[in-house]
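J.: Take a look at the following structure, please.
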Amino acid sequence: MFKSIVRLGNALSLNKVCPRRQHQRCALKYSTAAAERKKFYEDVSISQGEGGLFEINLDRRKLKTPGGKLFTVPNEALAIAVATEWDAQRETLKFYTMHMTTLCNTALDNPTQRDKDQMINAALKFLETDTVCYRVDEPHALVELQKNEWDPVLHWIENRYNVTIGSSSSILGPEIPEATKDTFRQHLNSYNFWSLTGLEYVITQLKSVVLSLGMIDRHLSVEQAVLLSRLEEEYQIRRWGNVEWAHDYDMYELRARTAAGALFVQLSSESSTVKRKLLQD
């Protein structure tokens, strides 16, 4: 959490509560999102560069992507979210916790070199194997649990988008009508490239287009969407027990990734700058 954010010219200086540690001159590149590195900067700031894009500064160095591009984001809100991640790091940089930064890197570098049509097709593939569409035949308690918890969300999205999805206990899953796919394709095409990057990330976390759109449309909270995506697993845990710390860690990680993806979708669609008063403690 920032102590304060002070506008200096066209830069935002993020003043920290903790005392400054010795300045370290290190390169800004990092190898993988799962890596850890010793922290090499003291101050994090935001500046607005060419074309109105926002940049992240670590001390006096501009942040770059793993691919070597200048790290720029389209609006102030997203820049603040990324800067917060870098500011929150302590002695060691834990890149695997910096989901907003990772999503920005993905949008900027586009390592798989995909266009929007390819991303939309990949997202729609999940609709054919959507978590809430696959049902079990037994035990009866789980059948009823899936019906009671998943059916309302399924009915909501069918009414919301005027589509037919359905569910099935067949190993092949339900047969999704082409009209439904076309409707969702048109809807997903309304997202910009950055927002689509975040939405696809959420879909891969929940393994569900239905739950992802339910959350993005604010019909479901992050906690609800995560629990619904893990419904069968949670049922088995309640029945057979679990390794408590492992279950809690998995749940926390999934919530963190899902929340970051949802926030990324919202912020990458943000066109106005964030007012300074919203950042006050």
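J.: If the only charges are +1 at each Lys and Arg Cβ and -1 at each Asp and Glu Cβ, what is the size of the charge dipole of segment 116-269 around the Cα centre, to the nearest 20 debye? Mind dumping the intermediate values first?
T.: Details: 14 positive and 22 negative charges, 84 e Å.
That gives a dipole near 400 debye.
J.: Let me ask something else about it. Based on the mean of other beta carbon atoms within 10 Å per residue, what is the order of 205-214, 76-85, 107-116, 253-262, most packed first?
T.: Details: 205-214: 25.2, 76-85: 22.2, 107-116: 13.5, 253-262: 19.9.
Result, highest mean Cβ count within 10 Å first: 205-214, 76-85, 253-262, 107-116.
J.: Now for a separate question. Please list, ordered by chain and number, the residues whose modelled amide H lies under 5 Å from the amide H of LYS39; skip anything fewer than 5 residues away on the same chain.
T.: Excluding prolines and chain starts, which carry no amide H, the hits are THR92, LEU93.
J.: Quick one: which of 187-198, 49-60 comes out on top by average Cβ neighbours within 10 Å, and what's the full order, highest first?
T.: Numbers: 187-198: 17.8, 49-60: 15.3.
In decreasing order of mean packing, 187-198, 49-60 become 187-198, 49-60.
J.: Which pairs in the list LYS69/LYS181; LYS38/LYS69; LYS147/LYS207; LYS64/LYS116 are over 30 Å apart, alpha-carbon to alpha-carbon? Kindly include the intermediate steps, with their values, before the conclusion.
T.: On the way: LYS69/LYS181 35 Å; LYS38/LYS69 22 Å; LYS147/LYS207 18 Å; LYS64/LYS116 24 Å.
Checking Cα-Cα distances, LYS69/LYS181 exceed 30 Å.
J.: Right, something else. Taking a cut-off of 18 Å between Cα atoms, list the aspartates and glutamates near LYS62, but don't count ones fewer than 8 places away on the same chain.
T.: GLU42, ASP43, GLU50, GLU76, GLU85, ASP87, ASP109
J.: How many times 2.2 N^0.38 Å is the alpha carbon radius of gyration of segment 44-109?
T.: Working: Rg = 11.0 Å, N = 66, 2.2 N^0.38 = 10.8 Å.
Dividing the Cα radius of gyration by 2.2 N^0.38 Å gives 1.02.
J.: Okay, next question. Taking H placed 1.01 Å from N in the peptide plane, check which residues at least 5 places from HIS219 or on another chain put their amide H under 5 Å from its amide H.
T.: none
J.: I need the calculated FRET efficiency for the pair ARG160 and ASP115, taking r as the beta carbon distance and R₀ as 30 Å, to the nearest 0.05.
T.: Values: r = 27 Å, r/R0 = 0.90.
Rounded to the nearest 0.05, the efficiency is 0.65.
J.: In sequence order, what are the phi-derived ³J(HN,Hα) couplings for segment 174-187 according to the Karplus relation 6.51 cos²θ - 1.76 cosθ + 1.60 with θ = phi - 60°, rounded to whole Hz, with x for glycine and proline?
T.: x, 8, 7, x, 4, 4, 5, 4, 5, 5, 5, 4, 5, 5
J.: Something else: Quick one: what are the phi-derived ³J(HN,Hα) couplings along segment 123-128, Karplus 6.51/-1.76/1.60 with θ = phi - 60°, whole Hz, x for glycine and proline?
T.: For segment 123-128, the Karplus curve yields 5, 5, 4, 5, 5, 6 Hz.
J.: Follow-up. Treat every Asp and Glu Cβ in segment 44-109 as -1 and every Lys and Arg Cβ as +1, leave all other atoms uncharged, and give the resulting dipole magnitude about the Cα centre to the nearest 20 debye. Show your work: numbers first, answer last.
T.: Details: 7 positive and 8 negative charges, 40 e Å.
Value, rounded to 20: 200 debye.
J.: So, one more: Apply the Debye scattering formula to segment 116-269, with a single equal point scatterer on each alpha-carbon and no solvent, then give log10 I(q)/I(0) at q = 0.09 Å⁻¹.
T.: For the requested q values the scattering log ratios are -0.28.
Rule-based calculations on the coordinates, nothing more; no lab input. Here the structure is a predicted model, which means the values were calculated and not measured. All Cβ positions, glycine included, derive from the backbone under ideal geometry; neighbour counts span all protein chains shown.
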